């Protein structure tokens, strides 16, 4: 017998352990409305596709970390994320990309956030 789990994927924001707030959420909601709507539309697109998007929407960065790519006019927003236990998509880090190559310091920050989530699973399950 085959059992199907029809539970949908959920999107969760990485919470800064120092203040308990989400820098990703703040970044998104500080955007102008049209830009924010496009970012939120891409996040929803990611969610309904079970955390799996191919280029040009998403790109592999490192290990399990991928980037969601949202371009709006000349702004190139990048959201690092990964899929986690119990159908959770964790948005780790967001930044405005200004160079052709992804800055290594942003990748390092995303990896630190990823490691924090992995070591504190109870917060994100």
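Since every read-out is calculated from the coordinates, none of them should be taken as a lab result. Worth saying up front: this structure is predicted, and the values here are computed from it rather than measured. Neighbour counts run over all protein chains shown; Cβ positions are idealised from the backbone, glycine included.
Details
- Extension gain, residue 60-residue 34: 0.36 nm per intervening residue step, less the Cα-Cα distance, totals 6.7 nm.
- Gain upon complete extension [residue 119, residue 73; 0.36 nm per residue less C-alpha separation]: 12.8 nm
- Computed from Cα positions, the angle between helix 104-119 and the longest principal axis of the chain comes to roughly 20 degrees.
- Using alpha-carbon coordinates, inclination of helix 33-48 to the longest axis of the chain, degrees: 30 degrees
- Distance between modelled label sites at residue 98 and residue 48, nm, 7 Å Cα→Cβ extension: 3.5 nm
- Inverse mean reciprocal Cα-Cα distance (Kirkwood Rh) of the stretch 1-115, Å: 14.7 Å
- Alpha carbon centroid spacing (whole Å) that separates the stretch 3-43 from the stretch 46-118: 12 Å
- Helix-only CD estimate at 222 nm, as mean residue ellipticity for the chain, using -39500 (n - 2.57) per DSSP H run (n ≥ 4): -10500 deg cm²/dmol
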